[in-house]
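The values are calculated or read from the model by the stated rules, or taken from the named source; none is laboratory data. Treat the numbers as computed from the prediction; the structure is a model and nothing was measured. All Cβ positions, even for glycine, are placed from backbone atoms using ideal geometry, and neighbour counts span all protein chains on display.
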Amino acid sequence: MLIDQFGERRPKGITTDKKFDIVCFGNPTVDTIIIPTDRLIRPGGAAMNTAATFAGLGGRTGIIGRIGTDRNGNFLLQKLDECKIDITRVRVTDQPTFTNDIMVSSNERNIVHTAEYHGVDLLNEDDFAYIGASRAMLVGLRNGLFTQCAEFAARKKIILYVSAHRYLEEKAKGNEHYLTQYPIEAIIGDEKEIETVKAHCAIGPRTPLVVTRGSQGSAVICEGVEMSAPIYKVEAVDPTGAGDAFAAGYMFADLDGMRPEDCLALGNACGAVAVTGYGAQQLITSAAVEALLKR
């Protein structure tokens, strides 16, 4: 089993009698991967990428987001089902499905958003019941949405992971948060994202910061102590979604009570598998990750 690759677990004091292990917030998207010889259509979006990887590892996942009634929306519903991600709280609206054109060359990429992003900002009773059936949630720092989720997580003792993804855009809107109010399990992002959150949000000293550093691996920083883990070397073709895959692996291990260094190792392994194909979702499975860990 995947968890047998790692050592001692630390108890988290959480129950397993929930419908979901984690619920991710954000819109599924359609990514067009443009390479010199082809155009490839792939499902994407940070929330869907993360949920898909988590499900591939054997976790139970749900998603709260929005898609359109168009052909792209139908494509994503099919892919969500294939990935075994629950779609009960996915809104289907008249707004167009969010799409990206991603130009990839020599393992570098440039992303062009081709439709305006209309995320879910207000939660209703059905959403809260859905989240309440989960052990954990992953939410970004979108102003109104984050506050609703964080307050609910604190009341219901749901494990709260915070994504620093796209916070650069939120900061530009003046969205700053006093994160010391909430029991946050970890804030996850790349170095630039984490530094921006640190500069513009109040963070408690005991809140773990989980940082991805590209070829330099990843680290957990908490109370002035840093633990790091190296990357797994693979033949990389497309970095799209590697950070999302890392986040899924890290949270999967953390929810299983693994040590921080083992959480980083599993996250790095998931990120490594993700970059070996075009698009963010390469059907990461526990078998694929186990094979990499055993090398």
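Structure data summary
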{"quantity": "Cβ-Cβ under 7 Å pairs, at least 6 apart or on other chains, the stretch 73-86 side in contact (Cβ under 8 Å) with a residue 60 or more places away in the chain, far side assigned to a helix (DSSP H, G or I)", "calculated": "Cys83/Ala52; Cys83/Ala55"}
{"quantity": "The stretch 124-139 residues that are buried (at least 17 other Cβ atoms within 10 Å of the Cβ), paired with ones that are part of a helix (DSSP H, G or I) and of a type in the set (Val, Ile, Thr) (beta carbon under 7 Å, 6 or more apart)", "calculated": "Met137/Ile131; Leu138/Thr50"}
{"quantity": "Any hit, the stretch 49-61, residues being farther than 22 Å from Tyr278 by Cα and either crowded, with 23+ Cβ neighbours inside 10 Å or among the β-branched types (Val, Ile, Thr) (or both)", "calculated": "yes"}
{"quantity": "Residues located in the stretch 262-287, provided they are free of Cβ contacts under 8 Å to residues at least 40 places away in the same chain and in a helix (DSSP H, G or I)", "calculated": "Ala269, Val273, Ala287"}
{"quantity": "Whichever residue in the stretch 220-238 is in a strand (DSSP E or B) and small (Gly, Ala, Ser) and, among such residues, is surrounded by the most Cβ atoms within 10 Å (Cβ to Cβ)", "calculated": "Ala229"}
{"quantity": "Matching residues in the stretch 276-290 - criterion: being more than 20 Å from Asp256 (Cβ to Cβ) and in contact with a Ser or Thr (Cβ under 8 Å, 6 or more places away or on another chain)", "calculated": "Tyr278, Gly279, Ala280, Gln281, Gln282"}
{"quantity": "Given (1) touching a Lys or Arg at 6+ places or on another chain (Cβ under 8 Å); (2) loosely packed, with under 14 Cβ neighbours inside 10 Å, index of the condition His200 fails", "calculated": "(2)"}
{"quantity": "Any hit, the stretch 93-112, residues being surrounded by fewer than 23 Cβ atoms within 10 Å (Cβ to Cβ), closer than 21 Å to Thr276 by Cβ and among the hydroxyl-bearing types (Ser, Thr, Tyr)", "calculated": "yes"}
{"quantity": "Flag if Val120 is surrounded by 13 or more Cβ atoms within 10 Å (Cβ to Cβ), at pLDDT below 95, of a type in the set (A, V, I, L, M) and touching a helix residue (DSSP H, G or I) at 6+ places or on another chain (Cβ under 9 Å)", "calculated": "yes"}
{"quantity": "Matching residues, the stretch 222-269, being modelled with pLDDT of 95 or more, within 21 Å of Met48 (Cα to Cα) and of a type in the set (S, T, N, Q)", "calculated": "Asn268"}
